[in-house]
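Visitor: Pasting a structure below so you can have a look.
The values are calculated or read from the model by the stated rules, or taken from the named source; none is laboratory data. Please read these numbers as outputs of a predicted model, since none were measured by experiment. Backbone-built Cβ (ideal geometry, glycine too); neighbour counts: all protein chains shown.
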Amino acid sequence: DVKVTQSSRYLVKRTGEKVFLECVQDMDHENMFWYRQDPGLGLRLIYFSYDVKMKEKGDIPEGYSVSREKKERFSLILESASTNQTSMYLCASSWDRENYEQYFGPGTRLTVT
Amino acid sequence: AQSVTQLGSHVSVSEGALVLLRCNYSSSVPPYLFWYVQYPNQGLQLLLKYTTGATLVKGINGFEAEFKKSETSFHLTKPSAHMSDAAEYFCAVRRGGYNKLIFGAGTRLAVHP
């Protein structure tokens with residue numbers, strides 16, 4: 001079974017703090033993704049990575065950065081957290097073969113106060 | 001450009017009744033289509049997918065969906081709802097390379113006795 005794990009299920013941070021969200025997958029997937037999920041908006045892509053050290057912006061990259069130093073690990077960084085970044089963050093991974101689905105982690109609910 | 005529209009943000013059915021969740025898509029290329037389910041406080045789990053071939057796709061937990069190219073639809077059905085089906089359901093279409101997906105806004109299904 002594919003397993004995608006996220007470092008925290010719940011996180012509370014203060015405005016201005018630097019926040020790290022970590023994601024690890026155990027299936028040697030090439031592609032990894034970070035989404036945020038907000039009610040009524042579905043999932044929106046923040047960043048994705050298609051190889052180690054390779055990344056591309058998604059639809060809402062502002063205020064976020066990412067790091068992928070090892071194939072199995074993909075980190076999302078909030079350089080200076082703000083209250084409008086309070087959300088559910090979901091990590092996913094996928095093989096880079098045309099018709100393969102994404103596999104999701106359990107999510108991290110981040111609250112910025 | 002690809003997009004996904006899910007009709008109805010909330011659907012309520014009685015236990016044992018038919019479940020019908022609607023999804024319409026737009027895609028400039030032959031679409032790959034997915035339905036995911038999210039149970040409370042969990043990540044997304046794949047229910048079923050359509051890539052090529054048979055247009056009626058069967059998934060887990062008794063769900064199925066039919067790809068109708070002429071209607072640009074991929075509606076999700078289940079003949080008889082169970083209380084455990086209460087969850088949020090997301091339709092998605094593949095966009096571009098790297099198995100990126102674009103998601104609909106989601107439909108929350110409630111099942112009452």
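Visitor: Which residue is nearest to residue A:8 (Cα to Cα), if the candidates are limited to segment B:1-25 and must be polar (S, T, N, Q) and in contact (Cβ under 8 Å) with a residue 60 or more places away in the chain? Even if it seems obvious, please write down each step before you answer.
Guide: Let us first name the residues in segment B:1-25 that are polar (S, T, N, Q), namely B:2-3, B:5-6, B:9, B:12, B:14, B:24.
From what is left, the residues that are in contact (Cβ under 8 Å) with a residue 60 or more places away in the chain are B:2-3, B:5-6, B:9, B:12, B:14.
Working: B:2: 32, B:3: 31, B:5: 31, B:6: 30, B:9: 28, B:12: 32, B:14: 36 Å.
Taking the candidates together, the pick is B:9.
Visitor: Kindly provide the set of residues from segment B:22-36 that are within 12 Å of chain A (Cβ to nearest Cβ) and outside any strand (DSSP E or B), ordered by number.
Guide: From segment B:22-36, those within 12 Å of chain A (Cβ to nearest Cβ) are B:23, B:29-36; that's our starting set.
Residues satisfying the conditions are B:29, B:30, B:31, B:32.
Visitor: Identify the residue in segment A:25-45 that is within 7 Å of chain B (Cβ to nearest Cβ) and not in a strand (DSSP E or B) and, among all such residues, is nearest to residue A:95 (Cα to Cα).
Guide: Checked segment A:25-45; the qualifying residue nearest to residue A:95 (Cα to Cα) is A:41.
Visitor: Now for a different question. With A:88, A:27, A:32 as the choices, which residue is surrounded by 12 or more Cβ atoms within 10 Å (Cβ to Cβ), in contact with a Lys or Arg (Cβ under 8 Å, 6 or more places away or on another chain), at pLDDT below 95 and not β-branched (Val, Ile, Thr)?
Guide: On the way: A:88 fails: at pLDDT below 95; A:32 fails: at pLDDT below 95.
Matching residue, one of A:88, A:27, A:32: A:27.
Visitor: Also: Taking segment B:89-109 as the region of interest, how many residues are facing chain A (nearest Cβ under 7 Å) and in a strand (DSSP E or B)?
Guide: So in segment B:89-109, the residues facing chain A (nearest Cβ under 7 Å) come out as B:90, B:98-101, B:103-106.
Restricting the remaining residues to those that are in a strand (DSSP E or B) gives B:90, B:101, B:103.
Counting residues in segment B:89-109 that are facing chain A (nearest Cβ under 7 Å) and in a strand (DSSP E or B) gives 3.
Visitor: Run residue A:104 past the list (1) touching a strand residue (DSSP E or B) at 6+ places or on another chain (Cβ under 6 Å); (2) more than 10 Å from every other protein chain (Cβ to nearest Cβ) and report the number of the one that doesn't hold.
Guide: The single condition residue A:104 does not satisfy is (2).
Visitor: Another question, if that's okay. Which members of segment A:52-76 meet the condition of being assigned to a strand (DSSP E or B) and more than 23 Å from residue B:103 (Cα to Cα)?
Guide: Within segment A:52-76, the first condition is being assigned to a strand (DSSP E or B), and the residues that meet it are A:54-57, A:64-70, A:73-76.
Answer for segment A:52-76, where residues must be assigned to a strand (DSSP E or B) and more than 23 Å from residue B:103 (Cα to Cα): A:54, A:67, A:68, A:69, A:70, A:73.
Visitor: Considering only residues of segment B:41-83 that are in a loop (DSSP other than H, G, I, E, B) and within 11 Å of chain A (Cβ to nearest Cβ), which is surrounded by the most Cβ atoms within 10 Å (Cβ to Cβ)? If you could, list the steps in order and put the result at the bottom.
Guide: Start the filter on segment B:41-83 by keeping residues that are in a loop (DSSP other than H, G, I, E, B), which leaves B:41-43, B:51-55, B:59, B:63, B:69-72, B:79-82.
Restricting the remaining residues to those that are within 11 Å of chain A (Cβ to nearest Cβ) gives B:41-43, B:51-53.
Values: B:41: 11, B:42: 14, B:43: 19, B:51: 16, B:52: 10, B:53: 7.
Once the filter is applied, the top-ranked residue is B:43.
Visitor: May I pose another question? Tell me whether segment B:69-92 contains one or more residues that are touching a Leu at 6+ places or on another chain (Cβ under 6 Å) and closer than 15 Å to residue A:35 by Cβ.
Guide: Scanning segment B:69-92 turns up at least one residue that is touching a Leu at 6+ places or on another chain (Cβ under 6 Å) and closer than 15 Å to residue A:35 by Cβ.
Visitor: Go over the candidates A:69, A:62, A:22 one by one and state the one that is exposed (fewer than 15 other Cβ atoms within 10 Å of the Cβ), more than 10 Å from chain B (Cβ to nearest Cβ), at pLDDT 95 or above and in contact with a Lys or Arg (Cβ under 8 Å, 6 or more places away or on another chain). I'd like the intermediate steps shown before the answer.
Guide: Numbers: A:62 fails: in contact with a Lys or Arg (Cβ under 8 Å, 6 or more places away or on another chain); A:22 fails: exposed (fewer than 15 other Cβ atoms within 10 Å of the Cβ).
Going through A:69, A:62, A:22 in turn, just one is exposed (fewer than 15 other Cβ atoms within 10 Å of the Cβ), more than 10 Å from chain B (Cβ to nearest Cβ), at pLDDT 95 or above and in contact with a Lys or Arg (Cβ under 8 Å, 6 or more places away or on another chain): A:69.
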